[in-house]
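Computed from the coordinates by the stated procedures, all read-outs in this text should not be read as laboratory data. Keep in mind the model is a prediction, meaning the values are calculated, not measured. Quick reminder, even Gly has a Cβ in these numbers, built from the backbone with ideal geometry, and neighbours come from all protein chains shown.
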Amino acid sequence: DGGITQSPKYLFRKEGQNVTLSCEQNLNHDAMYWYRQDPGQGLRLIYYSQIVNDFQKGDIAEGYSVSREKKESFPLTVTSAQKNPTAFYLCASLGQGGQSPKNIQYFGAGTRLSVL
Amino acid sequence: QKEVEQDPGPLSVPEGAIVSLNCTYSNSAFQYFMWYRQYSRKGPELLMYTYSSGNKEDGRFTAQVDKSSKYISLFIRDSQPSDSATYLCAITDSNYQLIWGAGTKLIIKP
């Protein structure tokens, strides 16, 4: 089954702790994205990567870090510098070319992060 | 002013009603227009996309774009309780980055 897998589904962070959210895709997509979703708000872009070993900051990158060592994987680390990390985190990927327009993103099921 | 405006609702209608969901946008250069549906505690899934003014129909769903007014709509006919979800509009900018509306929470009452 092709798709995007996010893990864990629920995550708890202690104060001062870094936590890493996993995102894996087997769609052979080049571009991957991390979004944060807060209640009553739309999706806000944290980081994105259009190719392996390259990534760019989105609108709210402070307190977060990413890596893109493999095409299939785009983990997000929520660092202790992120003072308000409680949110729903969504990973998405986008394929270049094919039948779909360039800008259709496909999403994982999300990770809900809470602070203990 | 946000680039994409969407009323967060909630919007509550009886089963069988026609639902109208709307977004307005500010940049006339925006190119692609999409509607995503998001069930509670799930990731968004693409419902419809279009790039031109006019209507696009898919079953009970119709997406409408009016570029002159910078206004997009999603209509749901014969609404069902299973349509209860948050509906997000998304529009691409010139760099093909998605700009999201806040999402409208829709509740269909049996």
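Decide, for the stretch A:38-82, between rounded, prolate and oblate: order the square roots of the alpha carbon gyration tensor eigenvalues as a ≥ b ≥ c, take rounded if a/c falls under 1.5, and otherwise choose prolate if a/b is larger than b/c, else oblate.
prolate
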Next item on the list: Could I have the simple spin-label model distance between B:LEU11 and A:GLU62, label points 7 Å from Cα toward Cβ, reported in nm to one decimal?
Entry: 3.5
Notebook entry, point to check: What nm distance separates the two modelled labels at B:ARG77 and A:SER73, each placed 7 Å from Cα along Cα→Cβ?
Noted result: 4.9
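How would you classify chain A from its alpha-carbon gyration tensor, with a ≥ b ≥ c the square roots of the eigenvalues: rounded for a/c under 1.5, else prolate if a/b is greater than b/c, otherwise oblate? All intermediate terms of the calculation are to be shown ahead of the outcome.
Values: a/c = 1.79, a/b = 1.71, b/c = 1.05.
It comes out prolate by the Cα gyration axes.
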Margin query: I'm a student and want to see the number: the projected area of the Cα convex hull of the protein assembly as shown, averaged over all directions, in nm².
Written below: 12.9
Item checked: Stretch gain in nm, segment B:GLN97-B:ILE18, where the contour uses 0.36 nm per residue and the Cα spacing is subtracted -> 25.3 nm
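By counting other Cβ atoms within 10 Å of each Cβ, how are B:VAL65, A:VAL19 ranked from fewest to most?
Working: B:VAL65 21, A:VAL19 18.
Exposure proxy ranking, most exposed first: A:VAL19, B:VAL65.
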Check: What is the list of residues in the stretch B:1-19 whose amide nitrogen lies under 20 Å from a point 7 angstrom out from the Cα of B:SER28, following Cα to Cβ?
Finding: B:1-5
Note to self: Tell me the relative contact order for chain B as a rounded percent, counting alpha carbon contacts under 8 Å between residues six or more apart.
What the structure shows: 37
Notebook entry, point to check: Which loop-located GluC sites (Glu not before Pro) does the stretch B:1-100 contain, where loop means any DSSP state but H, G, I, E or B and the Cβ has at most 15 other Cβ atoms within 10 Å?
Noted result: B:GLU3, B:GLU15
Notebook entry, point to check: Which shape class, rounded, prolate or oblate, goes with the stretch B:36-110 when its Cα gyration tensor gives a ≥ b ≥ c as root eigenvalues, a/c under 1.5 marks rounded, and past that a/b bigger than b/c marks prolate?
Noted result: oblate
Item checked: Per-pair calculated FRET efficiency, R0 = 22 Å: B:SER69 and B:GLU3 via Cβ, rounded to 0.05 -> 0.90
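With +1 on the Cβ of every Lys and Arg and -1 on the Cβ of every Asp and Glu, and nothing else charged, how large is the dipole of the protein assembly as shown about its Cα centre, in debye rounded to the nearest 20?
Values: 23 positive and 21 negative charges, 82 e Å.
It comes to approximately 400 debye.
What FRET efficiency, computed as 1/(1 + (r/R0)^6) with R0 = 35 Å and r the Cβ-Cβ distance, is obtained for A:SER22 and B:GLU57, rounded to the nearest 0.05? Mind dumping the intermediate values first?
Values: r = 39 Å, r/R0 = 1.10.
According to the calculation, E is roughly 0.35.
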Notebook entry, point to check: Could you give the radius of gyration (one decimal) and Dmax (whole number) of the Cα atoms in the stretch B:1-44, in Å?
Noted result: 13.3, 37
